[in-house]
Amino acid sequence: MEPRDIIVRPAQPEDKTAVLSFCRHTWSHEEDYIDAVWDQWLAEPCGQILVAVFNDQPIGITRVVQLSEQEGWWEALRVDPQYRGQGVVRCLDPAIEHYFQTKSISTIRCCVASWNSAMPEIFKRRGYQPIACYVEHSAEAIAAPIEPLSQLQESDCEVAWQLIHQIHGSPPLFVCRGAKWQTLTFEQLQERLRVGKVWGYWQDHELQGLLIQSHLESADSTLWVGFIAGTVDSLPVLLQKTRHLAVHLKYPKVSGFFPKTNHLLAGLEQAGYLASPTDEFWVYEKRRE
């Protein structure tokens, strides 16, 4: 096979059978998720699945997504095992770059689990640098006589933003739909407040911590935490109250990808959260001119 014989084009519905066939063999120890999201991804206008085709047969895919006016996401790089190491990913590169260029996207991110040892080198060769490490934690929801966290209102936006700026200094990342990391801007905070997805911990009439509820594709039975911020003293209480909030919202458990920082890991341990056995997740970023 020569690279010139590979055609890259947007995915079509009829590609599904062939793609899912080779995605069954992505990893020997981990089940792939492409079959669960293929139809949804194909229908979403904010992203595009790119397919590498050889002899009229799909042999590789990847997906590119526009998250905001200037932010993009690259994910789901898959190559049929029998064609790996033959330049399929390099053939996808121009189509990936063309998508982000036509959308005027200046910041592109992607994520990889630390057990996936092949991907960091692929990212780095394309100009991506690791910017943050996250660890998935979960805890069972628990009922308690104390009040759960308060749902913040749009009128709380300024005080919430002040707390975030006080703790982080610059706009941090939060996990949006589909386990994608996006900059938490003032406008993003306003939007999450508007739809009732921000919860706060008050003490002596002062906001001490907050969490932003996120959603993943499989979020029906889980309260997903997309972002959390609090003082060192308030974090264990905030995390404990989040378990109570889950009961209030009728979720059986709480989960989230939490930044790997000492004070947050200590707070998670104090609040009874357990780290996922699936290891760490590294977020990579590339900025385009």
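Return the residues of region 88-102 that are surrounded by fewer than 17 Cβ atoms within 10 Å (Cβ to Cβ) and in contact (Cβ under 8 Å) with a residue 12 or more places away in the chain; say none if nothing qualifies.
Matches in region 88-102: ARG90, ASP93, PRO94, GLN101.
How many residues are buried (at least 19 other Cβ atoms within 10 Å of the Cβ) and β-branched (Val, Ile, Thr) when one looks only at region 253-270? Quick ask: steps written out before the conclusion?
The initial filter retains those residues of region 253-270 that are buried (at least 19 other Cβ atoms within 10 Å of the Cβ), namely 254-258, 264, 267-268.
With the extra rule that they be β-branched (Val, Ile, Thr), the set shrinks to 254.
Going through region 253-270 one residue at a time, the tally reaches 1.
Quick check: anything in region 241-253 without any contact (Cβ under 8 Å) to a residue 24 or more places away in the chain and either closer than 19 Å to TYR201 by Cα or part of a strand (DSSP E or B) (or both)? Outline the logic, then answer.
Residues of region 241-253 that are without any contact (Cβ under 8 Å) to a residue 24 or more places away in the chain, as a first pass: 250.
From the residues that got through so far, the ones that are either closer than 19 Å to TYR201 by Cα or part of a strand (DSSP E or B) (or both) too are none.
The answer is no; no qualifying residue exists.
Taking ASP39 as the residue in question, decide whether it is acidic (Asp, Glu), over 15 Å from ASP93 (Cα atoms), touching a Cys at 6+ places or on another chain (Cβ under 8 Å) and without any contact (Cβ under 8 Å) to a residue 24 or more places away in the chain. Please lay out each step first, then the result.
Working: acidic (Asp, Glu): yes; over 15 Å from ASP93 (Cα atoms): yes; touching a Cys at 6+ places or on another chain (Cβ under 8 Å): no; without any contact (Cβ under 8 Å) to a residue 24 or more places away in the chain: yes.
Spelling it out, it is not the case that ASP39 is acidic (Asp, Glu), over 15 Å from ASP93 (Cα atoms), touching a Cys at 6+ places or on another chain (Cβ under 8 Å) and without any contact (Cβ under 8 Å) to a residue 24 or more places away in the chain.
Given the residues VAL51, VAL37, which is the only one that is surrounded by 13 or more Cβ atoms within 10 Å (Cβ to Cβ) and more than 29 Å from LEU184 (Cα to Cα)?
Working: VAL37 fails: more than 29 Å from LEU184 (Cα to Cα).
Answer to the selection: VAL51.
Being of a type in the set (Val, Ile, Thr), out of contact with any Gly (no Cβ under 9 Å at 6 or more places or on another chain) and more than 21 Å from GLU285 (Cβ to Cβ) is the filter here; which residues of region 131-177 pass it? Step through it out loud before you land on a result.
So the first thing to find is which residues in region 131-177 are of a type in the set (Val, Ile, Thr), and the list is 131, 135, 142, 146, 159, 164, 167, 175.
With out of contact with any Gly (no Cβ under 9 Å at 6 or more places or on another chain) added as a condition, the list becomes 131, 135, 146, 164.
Hit for region 131-177 is ILE146, nothing else.
Go through (1) out of contact with any Leu (no Cβ under 6 Å at 6 or more places or on another chain); (2) free of Cβ contacts under 8 Å to residues at least 60 places away in the same chain; (3) farther than 24 Å from GLU269 by Cα for PRO145 and report which single condition fails.
(3)
Starting from residues that are of a type in the set (Gly, Ala, Ser) and either in a loop (DSSP other than H, G, I, E, B) or touching a His at 6+ places or on another chain (Cβ under 6 Å) (or both), keep the ones in region 115-134 and report whichever is surrounded by the most Cβ atoms within 10 Å (Cβ to Cβ). Lay out the reasoning, then the answer.
Restricting attention to region 115-134, the residues satisfying the condition of being of a type in the set (Gly, Ala, Ser) are 117-118, 127, 132.
Then drop every residue that is not either in a loop (DSSP other than H, G, I, E, B) or touching a His at 6+ places or on another chain (Cβ under 6 Å) (or both), which leaves 117-118, 127.
Working: SER117: 9, ALA118: 9, GLY127: 12.
The selected residue is GLY127.
For region 199-218, check the following and say yes or no: at least one residue is in a helix (DSSP H, G or I), surrounded by fewer than 22 Cβ atoms within 10 Å (Cβ to Cβ) and free of Cβ contacts under 8 Å to residues at least 60 places away in the same chain. So that I can check it myself, show each step before the final result.
Keep residues of region 199-218 that are in a helix (DSSP H, G or I), which gives none.
There is no residue in region 199-218 that is in a helix (DSSP H, G or I), surrounded by fewer than 22 Cβ atoms within 10 Å (Cβ to Cβ) and free of Cβ contacts under 8 Å to residues at least 60 places away in the same chain.
Please go through region 172-187 and give me each residue that is outside any loop (DSSP other than H, G, I, E, B) and either touching an Asp or Glu at 6+ places or on another chain (Cβ under 7 Å) or open to solvent by 40 Å² or more (accessible area, probe 1.4 Å) (or both), ordered by number. Please lay out each step first, then the result.
As a first pass, look at region 172-187 and keep what is outside any loop (DSSP other than H, G, I, E, B): 173-176, 180-183, 186-187.
Across region 172-187, the qualifying residues are GLN182, THR183, PHE186, GLU187.
For region 135-165, what are the residues that are touching a strand residue (DSSP E or B) at 6+ places or on another chain (Cβ under 7 Å) and outside any helix (DSSP H, G or I)?
Answer for region 135-165, where residues must be touching a strand residue (DSSP E or B) at 6+ places or on another chain (Cβ under 7 Å) and outside any helix (DSSP H, G or I): VAL135, GLU136, HIS137, SER138, ALA139, GLU140, ALA141, LEU149, SER150, GLN151, LEU152.
Could you tell me which numbered condition SER255 fails, if it satisfies all but one of (1) under 21 Å from the mean Cα position of the chain (by Cα); (2) at pLDDT 95 or above?
Exception for SER255: condition (2).
Could you tell me which residue of region 228-252 is farthest from ILE142 (Cα to Cα), considering only residues that are open to solvent by 10 Å² or more (accessible area, probe 1.4 Å) and within 22 Å of the chain's Cα centre (by Cα)?
Just the residues of region 228-252 that are open to solvent by 10 Å² or more (accessible area, probe 1.4 Å), to begin with: 228, 231-233, 236-237, 240-241, 243-244, 247-252.
The next check asks that each one be within 22 Å of the chain's Cα centre (by Cα); those that pass are 228, 243, 251-252.
Details: ILE228: 19, ARG243: 6, TYR251: 10, PRO252: 8 Å.
Top of the filtered list is ILE228.
Exactly one condition in (1) in contact with a His (Cβ under 8 Å, 6 or more places away or on another chain); (2) open to solvent by 70 Å² or more (accessible area, probe 1.4 Å); (3) closer than 18 Å to LEU223 by Cα is false for GLN151; which is it?
(1)
The values are calculated or read from the model by the stated rules, or taken from the named source; none is laboratory data. All figures in this text were calculated on a predicted structure; none of them were measured in a lab. Every residue, glycine as well, gets a Cβ built from its backbone with ideal geometry; the counts of neighbours run over all protein chains shown. The area values use the complete protein model at the heavy-atom level, side chains included, leaving out ligands, DNA and RNA. Shrake-Rupley method; radii C 1.70, N 1.55, O 1.52, S 1.80 Å.
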